[in-house]
Structures are given as C-alpha cells and as structure tokens.
1. I'm checking my understanding of the structure. Among residues of the range 194-217 that are part of a loop (DSSP other than H, G, I, E, B) and of a type outside the set (S, T, N, Q), which one is surrounded by the most Cβ atoms within 10 Å (Cβ to Cβ)?
2. Pick from Thr24, Thr74, Thr57: which is at pLDDT below 95 and not charged (D, E, K, R)?
3. Pick out the one residue from Thr191, Thr220 that is under 21 Å from Met83 (Cα atoms), polar (S, T, N, Q) and surrounded by 23 or more Cβ atoms within 10 Å (Cβ to Cβ).
4. Under 15 Å from Val39 (Cα atoms), part of a strand (DSSP E or B), in the same structural domain as Asn85 (by TED's automatic domain parsing) and among the hydrophobic types (A, V, I, L, M, F, W, C): is that true of Val185 in this structure?
5. State whether one or more residues within the range 91-114 are in contact with a Cys (Cβ under 9 Å, 6 or more places away or on another chain), modelled with pLDDT of 95 or more and in the same structural domain as Lys42 (by TED's automatic domain parsing).
6. Let me confirm something: among Val176, Val236, which residue is crowded, with 19+ Cβ neighbours inside 10 Å, over 15 Å from Ser60 (Cα atoms) and in contact (Cβ under 8 Å) with a residue 12 or more places away in the chain?
7. Which one is farthest from Gly82 (Cα to Cα) among residues in the range 150-169 that are part of a strand (DSSP E or B) and either without any contact (Cβ under 8 Å) to a residue 60 or more places away in the chain or not hydrophobic (A, V, I, L, M, F, W, C) (or both)?
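The values are calculated or read from the model by the stated rules, or taken from the named source; none is laboratory data. Fair warning: this is a prediction, and the values are worked out from it, not measured in the lab. Counting neighbours? That spans all protein chains shown, and the Cβs are built from the backbone with ideal geometry, glycine included.
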Amino acid sequence: MKHKEKIRVVILLSILTAGLIAFTTNKYSSDDQILSYIVDTKTQDLQLYWKNDSGQTLKSILNLKNFVESKNLTLTFAMNGGMFNRDFSPQGLFIQNKQTLAVLDTADGSGNFYLKPNGIFYLTTDNVPFVCNTTDFKNNGEVKYATQSGPMLVIDGKIHSAFKEGSKNLHIRNGVGILPDNKVVFVMSKTEISFYDFAKYFQSLGCKNALYLDGFVSRTYLPDKKWMQTDGNFGVIIGVTKKKN
C-alpha cells in the first residue's frame, strides 16, 4: 500500500472511531429519549417548594403552577426534587429560605436513597449551585435551598461504582448535575434507562458531580420543549419562575 493511501486509511479510521465514540457517549441525548434543562442560577429564579402558604403539601406540579401564578409569577420549569416519606415529607435534608425543615439523614438503610454515597443538591445565598456527597455537606448558614437524595450519579467525574454497564434495572429517572460553567442541568429520561447510562449522560456533559432525584414518579414541566406534565404526588418540587409581563 502506498504511503498516501495509508494516510487516507488512517484518517478514515480515525473519523469512524470518533463517530462511534460520539454515538456511544451521546446515545441518550436525542430529544425522544432525554429531556434536559439548563438553569443559570445567577440570572434565573430557582427555588425549592414543598407546601403552600396554608401549610398544605403541594404534591403536584399543577398545584405548584397555580400557587406561583397566584403570586403573579409564571412557572417556566418544574421537576420533582428529592425523595419523600409516606406523608410526603422530605426524606433527608430539606432547607427552604435558609430554614431547615427536615434534617440530614446519614443512616444506613435499603433502597436507592441509601445506596451510598448519596448526596445533596443545594443553592447558596449567593445563588451558587452545588451537588456534593452527604458526608461533605456543611451548612455554614449560607445555604438558601437544599434537598437530599441518593444515590450520587457522578462523583468527582466518575460514575458511581455500584452502577454496572448493561444493567437490566431500567426505570424512568430524573436527576441534577453541575456543568463546567457552574450552571445547573436537570435531566429526565423519557424512556426507561439504567443507572449507568443515566450517569453516563451527565458525565458526557462534563458534570463533575450529579445526583439522582427519583424514579418512576418523575415528572417534568417544560413548556419551551412542549413537555407539560402537571400531575404528580410527591414531596419537594424544584421550580423556576419569572415575573409575568
């Protein structure tokens, strides 16, 4: 084979290999399989909700939508937050407007929440978002919102060691990660997906840390992408609002 032909073959193989890697990395990135929404917490109003002003648990995205609209706000995005108990109280830590309404859970147990390490998604009073291991969380009085859940999906750039490629444990899943530019990405699978592939998606976005929020109960409201699930029956809800024109 001539030298020029060898070069052409090498280039072609490189292109094919790169394409295969890109396909493998982003096989869940198409709009029919993954729904994602990026929030800039410096310019957008992201809050965690649980109860209305009368002390009633909101439970559904529709109830949240009606609640914020009563305050002359428009709901632009919503997703169920951390896991919850039978009475719809938050499982593990929940901080709202700097008030700790549910305490940190560091116990051992069964189920996804206790698949260690689990973690915290929180927002500081300076609107800086974080996802961290539960054991690394410190409340210095500057935490405005926080919700605990588990397991962690991505830890310091690595997929949780308990997740196995090719796993048949498939469910609808939703989670949250911090992007390299320090924006927040919320993700929900539209189809059933394994923990490994779900974590792999966050990793492919460059998230150093990402946290699983919940599974088959997951709901997302995102009118901009014509995805408007307003039902639900859960505890903490994550919402982004803007003032009505």
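1. Cys207
2. Thr24 is the lone residue from the list that is at pLDDT below 95 and not charged (D, E, K, R).
3. Sole residue among the options that is under 21 Å from Met83 (Cα atoms), polar (S, T, N, Q) and surrounded by 23 or more Cβ atoms within 10 Å (Cβ to Cβ): Thr220.
4. It is true that Val185 is under 15 Å from Val39 (Cα atoms), part of a strand (DSSP E or B), in the same structural domain as Asn85 (by TED's automatic domain parsing) and among the hydrophobic types (A, V, I, L, M, F, W, C).
5. Within the range 91-114, not a single residue is in contact with a Cys (Cβ under 9 Å, 6 or more places away or on another chain), modelled with pLDDT of 95 or more and in the same structural domain as Lys42 (by TED's automatic domain parsing).
6. Being crowded, with 19+ Cβ neighbours inside 10 Å, over 15 Å from Ser60 (Cα atoms) and in contact (Cβ under 8 Å) with a residue 12 or more places away in the chain holds for just one of Val176, Val236, which is Val176.
7. The extreme case among them is Lys158.
Residue by residue, here is whether (1) modelled with pLDDT under 95; (2) in contact with a strand residue (DSSP E or B) (Cβ under 9 Å, 6 or more places away or on another chain) holds:
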site	(1), (2)
Thr147	no, yes
Pro151	no, yes
Gly157	no, no
Ala162	no, no
Tyr201	no, yes
Cys207	no, yes
Asn233	yes, no
